[in-house]
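Input: a single structure, listed below in structure tokens.
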Amino acid sequence: MYTAPPTPGEPDAHLRVRELLTGRTVSVPDPFGSHTLAEARALAEGGDRLLADTLTRAGSDGRLAQDLAGGPTLLERYRTGSPAARALLEAAMDARRLGVGLQLPQAFLTGAAPDYLHDGDGNQLTDDWAERPMPNWPSRSTDAARAAAGAVSRPTRC
């Protein structure tokens, strides 16, 4: 959300955050420790609905960051996506692994994706396959993406 450029013509609310994060990796522990989980539980009990929902979904495994980032939902969409959708994602993942920048052109991805398909799946692609929306993919709207991931908005702090 913060690293994605705005829709053309809309204000760029996250320009400074994107500048700060571009080309950097923020490491987050796979599971959070007991002290951090206790702090999260205290915040949830104090009214933080986002953390309360996350703690409910994550259970006792401590994987809060993955839930907050929508990781389980994104993995499920990848696993259940159409062959064409998976091919686009695999092309993007390989491009990033090989050092291609954050902004992957659509023409690059749609040119590479057919090479990731089994012949039978590739033969079923129509000429306009890349222009049609992929089923079960969230729109660019952050509200739709949050709703799809099952998250709620963070309450306003006083």
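Of ARG77, ARG132, ARG97, all but one fail to be under 24 Å from LEU21 (Cβ atoms), among the charged types (D, E, K, R) and without any contact (Cβ under 8 Å) to a residue 12 or more places away in the chain; the exception is ARG97. Total residues in the stretch 24-66 satisfying the condition of being free of Cβ contacts under 8 Å to residues at least 40 places away in the same chain, under 30 Å from ARG97 (Cα atoms) and open to solvent by less than 90 Å² (accessible area, probe 1.4 Å): the figure is 12.
Might you let me know whether the stretch 2-12 holds any residue that is without any contact (Cβ under 8 Å) to a residue 40 or more places away in the chain, open to solvent by 60 Å² or more (accessible area, probe 1.4 Å) and in a helix (DSSP H, G or I)? No, the stretch 2-12 contains no residue that is without any contact (Cβ under 8 Å) to a residue 40 or more places away in the chain, open to solvent by 60 Å² or more (accessible area, probe 1.4 Å) and in a helix (DSSP H, G or I). Residue count for the stretch 19-47 under the criterion of being at pLDDT 80 or above and either in a loop (DSSP other than H, G, I, E, B) or out of contact with any Leu (no Cβ under 9 Å at 6 or more places or on another chain) (or both): the result is 14. Tell me yes or no: at least one residue of the stretch 81-92 is part of a loop (DSSP other than H, G, I, E, B) and under 30 Å from ALA107 (Cα atoms). Taking every residue of the stretch 81-92 in turn, at least one turns out to be part of a loop (DSSP other than H, G, I, E, B) and under 30 Å from ALA107 (Cα atoms).
Each row is one residue, and each column tells you yes or no for (1) open to solvent by less than 50 Å² (accessible area, probe 1.4 Å); (2) within 20 Å of ALA4 (Cβ to Cβ).
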| site | (1), (2) |
| --- | --- |
| ARG86 | no, no |
| ALA92 | yes, yes |
| VAL100 | no, yes |
| PRO105 | no, yes |
| THR110 | yes, yes |
| LEU117 | yes, no |
| ASN123 | no, no |
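The values are calculated or read from the model by the stated rules, or taken from the named source; none is laboratory data. The model shown is predicted, which means the values in this text are computed figures rather than measured ones. Every residue, glycine as well, gets a Cβ built from its backbone with ideal geometry; the counts of neighbours run over all protein chains shown. All accessible areas refer to the heavy atoms of the entire protein, side chains included, with ligands and DNA or RNA removed. Shrake-Rupley method; radii C 1.70, N 1.55, O 1.52, S 1.80 Å.
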